[in-house]
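Visitor: Quick one: structure below, then a few questions.
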Amino acid sequence: MNKYLTLFFRIVVGAIFLWASFDKIIDPAKFARDISNYHIVPLGLENTIALILPWLEFFIGTGLIIGVMVDGSIIISSVLLITFNIMIAQAMARGFNIDCGCGLKEGQLVGFEKLIENFIFILFSYFVYVRKEKFLEFFPKTELSDK
Amino acid sequence: MNFNSPKYQVYALITISVIISLALNVIRSNPISMIAQDLKKIDSIDELANSNEPSGIVEIDIEIAKDLYEKGTLFIDARAEEYFNDGHIPGAICSDEFDELIDKIYSFDNLEKAFVVYCSDDDCGSSEELSYQLYDQGFESIYLFKGGWKQWIENDLPAKYY
């Protein structure tokens, strides 16, 4: 795939995660309540997730945009996006009409629109992961190994 | 540590996120606990009768909600106006605009008293979210009725339909 297109995908995914992290970092208590509404996290761990996840999103978003630890960031972003879709799908299946807690748009509810949006970003992440050459990546500097 | 390996990059990113997030939570002005705590709950009408206005957000069940309704307590519907117009608890107020809702609450007679917030059912989440928003606005006595509209009509309690 064209290196410029791959760079575009990388920056889009990075920007999405970086943007999504801001509100959650500022107000982890609200994010914890959003997680709680999914009724899937046990043992009151929504608070722990609400503290750590936004910073993980912040670092992978930053990494993807500036070209630092792109492989690690894109693996984590893919796992997160797949996890988000599983959580949204189970909420839809159980009839929950809840705020998705995604951090992108105020009051965005779980639904097919969000599932498709995440699926597109999963595809973008895949194309970044299987890229054939490094372009505007600053750390680590070595060539890509076979994946 | 070999950062050429994606595996170690993943470890590094997770580790730095954990350290930064926990460290900043300790020093922030409003830290949250690592483990979520359940809301305070009033379990019986006797307990309600023996208590003053709730301090903070207190969860109530259908029996308490019914008792408060009969005493003329203000009810706030946290659902969208579209659903509110399809049917709601008589006397309840609702608005899609938060500022407008605040104005409505301020215009209510029993402003100094606690009010009840509800949404569609136990799974909707918007009543809890609105309760916290109102609490942040300075309303310190809030009853959260999680059973909501669904449980209300299942118990054949008064309802208003437009």
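The values are calculated or read from the model by the stated rules, or taken from the named source; none is laboratory data. Just so you know, these numbers come straight off a predicted model, no measurement behind them. We place every Cβ from the backbone using ideal geometry, glycine too, and count neighbours over all the protein chains shown.
Visitor: For region B:33-40, does any single residue satisfy the condition of being away from every other protein chain (no Cβ under 12 Å) and not polar (S, T, N, Q)?
Guide: There is at least one residue in region B:33-40 that is away from every other protein chain (no Cβ under 12 Å) and not polar (S, T, N, Q).
Visitor: Right, something else. Going through region B:116-162 one residue at a time, which ones are of a type in the set (Lys, Arg), surrounded by fewer than 19 Cβ atoms within 10 Å (Cβ to Cβ) and assigned by TED's automatic domain parsing to the domain that holds B:Lys71? Lay out the reasoning, then the answer.
Guide: Just the residues of region B:116-162 that are of a type in the set (Lys, Arg), to begin with: B:146, B:150, B:160.
When the remaining residues are screened for being surrounded by fewer than 19 Cβ atoms within 10 Å (Cβ to Cβ), the result is B:150, B:160.
Scanning region B:116-162 gives a single hit, B:Lys150.
Visitor: Take the residues of region A:106-120 that are more than 14 Å from the chain's Cα centre (by Cα) and not β-branched (Val, Ile, Thr): which is surrounded by the fewest Cβ atoms within 10 Å (Cβ to Cβ)?
Guide: So, considering only residues that are more than 14 Å from the chain's Cα centre (by Cα) and not β-branched (Val, Ile, Thr), the one surrounded by the fewest Cβ atoms within 10 Å (Cβ to Cβ) is A:Glu106.
Visitor: Residue by residue through region A:33-48, note down the ones that are in contact (Cβ under 8 Å) with a residue 60 or more places away in the chain and more than 7 Å from chain B (Cβ to nearest Cβ).
Guide: Matches in region A:33-48: A:Asp34, A:Ile35, A:Tyr38.
Visitor: For region B:15-53, which positions are of a type in the set (Val, Ile, Thr) and either in contact with a Cys (Cβ under 7 Å, 6 or more places away or on another chain) or modelled with pLDDT of 90 or more (or both)?
Guide: B:Thr15, B:Ile16, B:Val18, B:Ile19, B:Ile20, B:Val26, B:Ile27
Visitor: Of all residues in region A:5-29, which are out of contact with any Phe, Trp or Tyr (no Cβ under 7 Å at 6 or more places or on another chain) and either modelled with pLDDT under 90 or charged (D, E, K, R) (or both)? Give the steps one after another, and end with the answer.
Guide: First, the residues of region A:5-29 that are out of contact with any Phe, Trp or Tyr (no Cβ under 7 Å at 6 or more places or on another chain): A:5, A:8, A:10-11, A:14-15, A:17, A:19-20, A:22-23, A:26-29.
Within region A:5-29, A:Arg10, A:Asp23, A:Asp27, A:Ala29 meet the criteria.
Visitor: Also, I was wondering about something else. Within region B:1-106, which helices (runs of 4 or more DSSP H) (wholly inside it) include 2 or more residues that are without any contact (Cβ under 8 Å) to a residue 60 or more places away in the chain, in contact with a Leu (Cβ under 6 Å, 6 or more places away or on another chain) and closer than 30 Å to A:Gly61 by Cβ?
Guide: B:6-27
Visitor: Also: Of a type in the set (S, T, N, Q), more than 12 Å from every other protein chain (Cβ to nearest Cβ), in a helix (DSSP H, G or I) and farther than 17 Å from B:Val10 by Cα - does that describe any residue in region A:92-114?
Guide: Checked region A:92-114: no residue is of a type in the set (S, T, N, Q), more than 12 Å from every other protein chain (Cβ to nearest Cβ), in a helix (DSSP H, G or I) and farther than 17 Å from B:Val10 by Cα.
Visitor: Follow-up question, since we're still on this one. Tell me which residues, restricted to region A:4-32, are within 8 Å of chain B (Cβ to nearest Cβ) and free of Cβ contacts under 8 Å to residues at least 24 places away in the same chain.
Guide: A:Ala29, A:Lys30, A:Ala32
One line per residue, one yes/no per condition, for (1) surrounded by fewer than 17 Cβ atoms within 10 Å (Cβ to Cβ); (2) outside the structural domain of B:Phe115 (by TED's automatic domain parsing); (3) in contact with a strand residue (DSSP E or B) (Cβ under 6 Å, 6 or more places away or on another chain):
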| site | (1), (2), (3) |
| --- | --- |
| B:Lys7 | yes, yes, no |
| B:Ser21 | no, yes, no |
| B:Arg28 | yes, yes, no |
| B:Ile32 | no, yes, no |
| B:Ile57 | no, no, yes |
| B:Ile60 | no, no, yes |
| B:Gly72 | yes, no, no |
| B:Asp77 | no, no, yes |
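Visitor: Still on this model: I'd like the full set of residues that are under 15 Å from B:Gly138 (Cα atoms) and in contact with a helix residue (DSSP H, G or I) (Cβ under 8 Å, 6 or more places away or on another chain), limited to region B:69-100.
Guide: The one that is under 15 Å from B:Gly138 (Cα atoms) and in contact with a helix residue (DSSP H, G or I) (Cβ under 8 Å, 6 or more places away or on another chain): B:Phe98.
Visitor: Further question: Hey, among the residues in region A:67-78 that are more than 9 Å from chain B (Cβ to nearest Cβ) and part of a helix (DSSP H, G or I), which one's surrounded by the fewest Cβ atoms within 10 Å (Cβ to Cβ)?
Guide: A:Ser78
Visitor: Here are A:Leu64, A:Leu51: which of them is more than 9 Å from chain B (Cβ to nearest Cβ), farther than 19 Å from A:Leu109 by Cβ, at pLDDT 90 or above and assigned to a helix (DSSP H, G or I)?
Guide: Matching residue, one of A:Leu64, A:Leu51: A:Leu64.
Visitor: Just the residues that are among the hydrophobic types (A, V, I, L, M, F, W, C) and under 24 Å from A:Ile26 (Cα atoms), please, taken from region A:79-120.
Guide: Correct list: A:Val79, A:Leu80, A:Leu81, A:Phe84, A:Met87, A:Ile88, A:Ile98, A:Cys100, A:Cys102, A:Leu104, A:Leu109, A:Val110.
Visitor: A further question follows. For the subset of region A:24-48 comprising residues that are outside any helix (DSSP H, G or I), in contact with a helix residue (DSSP H, G or I) (Cβ under 8 Å, 6 or more places away or on another chain) and hydrophobic (A, V, I, L, M, F, W, C), which member is surrounded by the most Cβ atoms within 10 Å (Cβ to Cβ)?
Guide: Here the answer is A:Val41.
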